Amino acid sequence: MMPTNNQQHDNLYKAFSLFIEAMRPYIVSTLMKEAGEKWPEWFVEAISSDQKGFWNEGLRAGSSPVSLIDYQHLMGFSLKYKDLLRKDFGNASNGLPTQFKTIVDVRNKVAHFKSVTPDEVADSMIQMKKIARTLGMDELETELSQLHENKPALTQTAAPSVNTGTVPPWFRVV
């Protein structure tokens with residue numbers, strides 16, 4: 001069953017959030033193996049000059065370097081550090097920038113309330129699941145599959161439903 005547009009967008013937002021939250025520590029740990037505490041400097045080498053400006057603004061505003069890693073950086077990171085990524089992805093590291101581009105393109109459409117086709121949704125979900133599988137992120141892969149199949153994510157906890165005919169209190173809905 002194909003989710004409605006609202007369900008589809010909700011599931012994509014959740015999937016994209018889960019994915020970037022998993023990629024941030026992966027990127028940091030990958031760079032730390034080679035650069036140690038200088039990983040942020042290495043990371044910045046992989047992003048465009050415009051992105052560096054936003055990065056620096058974020059640092060000045062008090063954001064941590066880890067929290068500044070975002071979707072627009074994934075492709076540049078995978079191009080610059082293909083050799084480091086080869087340890088985890090093997091020869092598939094060559095296609096990683098394309099996988100990230102697919103994910104980022106759909107993520108940008110969703111973030112800007114543009115329509116996405118069912119094929120675009122499926123392709124981005126498949127790419128995220130493939131990356132999670134390659135990295136041994138089994139829980140992430142399972143959660144992405146649940147969202148792709150329009151089932152509740154494992155990290156969500158549903159409030160018990162009791163049909164009393166009254167509106168539930170706001171704190172139960174939240």
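Please work out if SER78 is surrounded by 14 or more Cβ atoms within 10 Å (Cβ to Cβ), free of Cβ contacts under 8 Å to residues at least 24 places away in the same chain and over 24 Å from HIS112 (Cα atoms).
In short, yes.
For residues that are of a type in the set (Val, Ile, Thr) and exposed (fewer than 13 other Cβ atoms within 10 Å of the Cβ), tally how many sit in segment 108-144.
1
Take segment 106-137 and flag every residue that is out of contact with any helix residue (DSSP H, G or I) (no Cβ under 8 Å at 6 or more places or on another chain) and acidic (Asp, Glu).
Listed by number, the list holds a single entry, ASP119.
Please give the number of the condition ALA61 fails out of (1) open to solvent by 90 Å² or more (accessible area, probe 1.4 Å); (2) over 25 Å from VAL116 (Cβ atoms).
(1)
Run PHE113 past the list (1) over 20 Å from TYR26 (Cα atoms); (2) in a helix (DSSP H, G or I); (3) of a type outside the set (A, V, I, L, M) and report the number of the one that doesn't hold.
Unmet for PHE113, out of (1) over 20 Å from TYR26 (Cα atoms); (2) in a helix (DSSP H, G or I); (3) of a type outside the set (A, V, I, L, M): (2).
Could you give every pair whose Cβ atoms fall below 7 Å, whose first residue belongs to segment 124-137 and is free of Cβ contacts under 8 Å to residues at least 24 places away in the same chain, and whose second residue is open to solvent by less than 40 Å² (accessible area, probe 1.4 Å) and of a type in the set (Gly, Ala, Ser), counting only separations of at least 6 or pairs across chains?
LYS129/SER145
So the check is Cβ under 7 Å with 6+ separation or different chains; which pairs have a first residue in segment 102-118 that's farther than 13 Å from GLN72 by Cα and a second one that's open to solvent by 70 Å² or more (accessible area, probe 1.4 Å) and not in a helix (DSSP H, G or I)?
Close Cβ pairs (under 7 Å, with a partner that is open to solvent by 70 Å² or more (accessible area, probe 1.4 Å) and not in a helix (DSSP H, G or I)) amount to PRO118/MET2.
Just for helices (runs of 4 or more DSSP H) wholly inside segment 33-108: which have at least 1 residues that are charged (D, E, K, R), more than 18 Å from the chain's Cα centre (by Cα) and modelled with pLDDT of 95 or more?
By residue number, 39-44, 49-60, 71-80, 82-89.
Being among the acidic types (Asp, Glu) and within 16 Å of TRP42 (Cβ to Cβ) is true for just one of ASP88, ASP70, ASP83, ASP105. Which residue is that?
ASP83
The values are calculated or read from the model by the stated rules, or taken from the named source; none is laboratory data. Every value quoted in this text rests on a predicted model; they were computed, and no experiment measured them. Cβ coordinates were reconstructed from backbone atoms using ideal geometry, including for glycine residues, and neighbour counts include every protein chain displayed. Keep in mind that these areas ignore ligands, DNA and RNA; they rest on the heavy atoms of the full protein, side chains included. Shrake-Rupley method; radii C 1.70, N 1.55, O 1.52, S 1.80 Å.
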